[in-house]
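Any read-out appearing in this document is the output of simple, stated calculations on the displayed coordinates, not a laboratory observation. Being a predicted model, the structure only gives us computed values, none of them experimental. Here Cβ is always computed from backbone atoms with ideal geometry, including for glycine, and neighbour counts include all displayed protein chains.
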Amino acid sequence: MHLRDYQQLALENIRNSFRNGNKKVLLVSPTGSGKTVIAAAMIQQATEKLKKCLFVAHRRELVMQCSNKLHDFEVNHALLMAGKSGGYARTTIASVQTFNARKDNEYFMKPSADLIILDEAHRSVSKSFRDLVAEYPDAYVIGLTATPCRSDGKGLASMYDDLIECGSIRKLTDQGHLVPTRIVAPTMPDLEGIRIIGGDYEKGSLSERMNKPKLVGDLVTHWLKFAEGRPTVVFCTSIAHSRYVAQIFRRNGISAGHVDGDMPEIEREQVLNDLHTGEIKVLANCQVLTEGWDEPKVSCVILARPTKSYAMYLQMVGRSLRPFEGKKDTLVIDHSGCVYEHGFPEDTPEWILTDGKVIDSKNKEPQPIEKQPFTCIKCQAVYKPFKGAIECPECGFAPTAQEKMVLIKQGRLVELPKEKTTTNDKQNFYAQLVFHAKQKGYKEGWASWTFKEKYGHFPHSKRVHPMPMGEEVKGFLQHLRIKKAKSQGGAHVRRS
């Protein structure tokens, strides 16, 4: 198989790191960038040099995903997993649980390994992975992950000697290897009083708070408004929540399914296939599809699971970033507040190896309002202001100066009661329009018609002294320009 440029560069950087004396290297590459392809290429090249390889994962789906990819590379391999074990080859794909359950058995034939590849390596500091790696003190180790931090936000320096980045969401999107995201945030959950345990919300209380008829009904309402027809995955707080979400979608005439980790493998595969074939449009899940699942046709993600974990946020959004025929973008419907907690998906940091917090939202300096995520109070689109302009790039709405300053949860704009506009305010507004019209040489009447666009009627008196334009008038004129461009369909409003 042909490797992309950034994938080939990753292989070369890993080799150079090994040559420089590092034994354990962490490869960081975004979800959808082809980490399993990179792993398969490494294994293929290693076996050609008569080296023995061991690929390790913590879930059956990940084991089988790697097996399928090695078949594509025509690499012979054995499996070590409950119910699937068999064969002998230079390469073994193993379930970490099966390996550790059998390693102390006197009849167990431990596979040899010169090279060990650990999938979803943000989990590799756990005891199960460390125990496995300890069995091979002379082996080189490569960890693969999109998010090099644990669920509590801490880094992986205790496990790895070097970190290599393989692209970023922003770079791979610009190159066409991932699709751009659009985000709408129609609701915000009330998370007041929920305890934080192990770096994230306590699961029982979170599920109880989110699994309410009104909140679940909102998921359906806003899916119909923003995403009807898009193959969709919903991330839920618990199995009960996931089942209820699927049920409410079906009650509203939308084909929907549910998967969880307790389902039999055959049943789970059938539901996933139903999404692939289009038998269902919406798939709700709990803790199953956040890692190692690949369905490129999915073009909408509903975040119904608030999380303090930046890694989980990126994993959830990342499920829908892969390109697919006819897919121009992916839509994120955020009912969890994650975009305000963690920022835009493409704004990932420059990853570093550390034992401490990789990202500490409590201690970092708050961003200026102009750089925080804005939610348009008219169309619910989430956007980042571009060069100080805060007009919504989707609908052209421009918030007032007072609305700009009222923020909830790091940037959510709320609609304020409108203050009564005085006659003097209107006259000043008209006077500024007259000043602008004289400067630009506009026809007589332009100021009156523009005034009517603002207030719904013509000025009661046209006897004013022209006044230089203030920010409110400038913002309104910019709003009119964007509105006109949108209606004509002939202009592109740049998104940052």
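Under 8 Å for C-alpha pairs, at least 6 residues apart: give me the relative contact order for the chain, rounded to a whole percent.
Dividing the mean separation by the residue count of the chain yields 14 percent.
How big is D for the chain, in µm² s⁻¹ as a whole number, if Stokes-Einstein is applied with the Kirkwood radius of its Cα pairs at 37 °C and 0.692 mPa s?
129
Calculate, for residue 174 and residue 106, the FRET efficiency according to 1/(1 + (r/R0)^6) with r their C-beta to C-beta distance and R0 56 Å; round to the nearest 0.05.
0.50
About its Cα centre, what dipole magnitude does the chain give when the only charges are +1 on Lys and Arg Cβ and -1 on Asp and Glu Cβ, stated in debye to the nearest 20?
1840
So what is the calculated 222 nm ellipticity per residue for the chain, using -39500 (n - 2.57) for each DSSP H run with n of 4 or more, over all residues, to the nearest 500 deg cm²/dmol?
-10500 deg cm²/dmol
From Cα coordinates alone, what are the radius of gyration and Dmax values for segment 5-168 in angstrom?
My reading of the Cα-based Rg and Dmax gives 14.7, 46 Å.
Can you pick out the pairs among 308/378; 378/462; 23/154; 24/49; 281/308; 154/214 whose Cα atoms lie more than 25 Å from each other?
308/378; 378/462; 281/308; 154/214
Restricting to bridges with both residues inside segment 181-347, how much of the DSSP beta-bridge set is antiparallel, in percent to the nearest 5?
Given both bridge residues lie in segment 181-347, the antiparallel proportion sits at roughly 10 percent.
Quick query: amide H of residue 157 versus all other amide H atoms, modeled in the peptide plane; which residues come in under 5 Å with a sequence gap of 5 or more or a different chain?
Answer set, sorted by chain and number: 354, 355.
Just for the chain, what percent of DSSP beta bridges are antiparallel, to the closest 5?
20
Just for segment 5-168, what percent of DSSP beta bridges are antiparallel, to the closest 5?
Percentage antiparallel, nearest 5: 5.
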